[in-house]
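Chemist: Take a look at the following structure, please.
The values are calculated or read from the model by the stated rules, or taken from the named source; none is laboratory data. Remember, predicted model here, so these are calculated numbers, not experimental data. Here the Cβ is made from the backbone with ideal geometry for all residues, glycine too, and neighbour counts use every protein chain on show. Heavy atoms of the whole protein, side chains included, go into the accessibility calculation; ligands, DNA and RNA do not. Shrake-Rupley method; radii C 1.70, N 1.55, O 1.52, S 1.80 Å.
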Amino acid sequence: MSHFWTLQACENLIGIRASYQNYFEYARNSDHAGLWERIATNINRINNNQITARQCQNKWHSLISGYNNIKRILNRDSRGERRTRNVISPNRYDIQFYELMRSEF
């Protein structure tokens, strides 16, 4: 089942995932699935959605990729030229949440 992520749901995901950062850092990889389940439960409670843990994890990784892409766009090499290797056009989520992602991490 496909889910459309609203801007509010994405913002909630970023905030909730940030609050779990220490758990992810110190948990075994095999325990991450349980953390994503808890995150999905919180997102669904707040946004009255039916988002799975896997959808949260996939969206998170998409947001991280977008954040890193914008960082590459904004970084300049020592000659002042823009780096264009591995850069794609940012989407609205990348642009909308760049500052929030930057402040969280």
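Chemist: Being among the small types (Gly, Ala, Ser) and more than 12 Å from Ala9 (Cα to Cα) is the filter here; which residues of the range 24-61 pass it?
Modeler: Ala27, Ser30, Ala33, Gly34, Ala53
Chemist: Looking only at the range 21-45, count how many residues are aliphatic (A, V, I, L, M) and not in a helix (DSSP H, G or I). I'd like the intermediate steps shown before the answer.
Modeler: Within the range 21-45, the first condition is being aliphatic (A, V, I, L, M), and the residues that meet it are 27, 33, 35, 39-40, 43.
Within this subset, residues satisfying the condition of being not in a helix (DSSP H, G or I) are 27.
Number satisfying all stated conditions: 1.
Chemist: So Arg17 fits all but one of (1) open to solvent by 40 Å² or more (accessible area, probe 1.4 Å); (2) under 21 Å from Tyr98 (Cβ atoms); (3) modelled with pLDDT of 90 or more; what number is the exception?
Modeler: (1)
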